[in-house]
1. For region 69-78: of the residues being outside any loop (DSSP other than H, G, I, E, B) and without any contact (Cβ under 8 Å) to a residue 40 or more places away in the chain, which is surrounded by the most Cβ atoms within 10 Å (Cβ to Cβ)?
2. On the given criteria, is residue 66 at pLDDT 90 or above, in a helix (DSSP H, G or I) and touching a helix residue (DSSP H, G or I) at 6+ places or on another chain (Cβ under 8 Å)?
3. Kindly indicate the residue of region 79-126 that is closer than 19 Å to residue 68 by Cα and in a helix (DSSP H, G or I) and also farthest from the chain's Cα centre (by Cα) among those meeting that condition.
4. For region 34-48, how many residues meet the condition of being assigned to a helix (DSSP H, G or I) and surrounded by 14 or more Cβ atoms within 10 Å (Cβ to Cβ)?
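The values are calculated or read from the model by the stated rules, or taken from the named source; none is laboratory data. Bear in mind the structure is a predicted one, so any value in this text is a computation, not a measurement. With ideal geometry, Cβ positions are generated from the backbone for all residues, glycine too; neighbour counts draw on all protein chains shown.
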């Protein structure tokens, strides 16, 4: 089974590898994960995003810049407002990458189950 990322590490970084790095780095912080969870329910301004946190709007803006660089958030201008929007495509890339490993572990467990069944049949009933 070929796992994504292995070939990239041997031959040089690709855009996908850099995207995954940025996505996982952005997701590593609990505040940024909470911001994404909030944006999953709809667009919000920095002021709206800052309300549940004990931090300043500039601190929230710094988190948003990390999320924007990772492609997870976009901003647009609506008159005086600049609402933020969740951009889920990088999350799909991360899920696809993780899915490869889920399949790998699933196959490993199936092989282990087969081996255990064979050993039990050799031992006979207990």
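1. Looking only at region 69-78, we keep the residues that are outside any loop (DSSP other than H, G, I, E, B), and these are 69, 73-75, 78.
After this cut, where a residue has to be without any contact (Cβ under 8 Å) to a residue 40 or more places away in the chain as well, the list is 73-75, 78.
On the way: 73: 23, 74: 13, 75: 15, 78: 9.
Looking at the filtered set, the residue picked out is 73.
2. Details: at pLDDT 90 or above: yes; in a helix (DSSP H, G or I): yes; touching a helix residue (DSSP H, G or I) at 6+ places or on another chain (Cβ under 8 Å): yes.
Yes, satisfied.
3. Within region 79-126, the first condition is being closer than 19 Å to residue 68 by Cα, and the residues that meet it are 81-95.
This time we only want the ones that are in a helix (DSSP H, G or I), so: 89-95.
On the way: 89: 10, 90: 7, 91: 5, 92: 8, 93: 8, 94: 5, 95: 6 Å.
Filtering region 79-126 for residues that are closer than 19 Å to residue 68 by Cα and in a helix (DSSP H, G or I), the one farthest from the chain's Cα centre (by Cα) comes out as 89.
4. Initially, region 34-48 is screened for residues assigned to a helix (DSSP H, G or I), giving 34-39, 46-48.
Cutting the leftovers down to surrounded by 14 or more Cβ atoms within 10 Å (Cβ to Cβ) gives us 34-36, 38-39, 46, 48.
Of the residues in region 34-48, 7 are assigned to a helix (DSSP H, G or I) and surrounded by 14 or more Cβ atoms within 10 Å (Cβ to Cβ).
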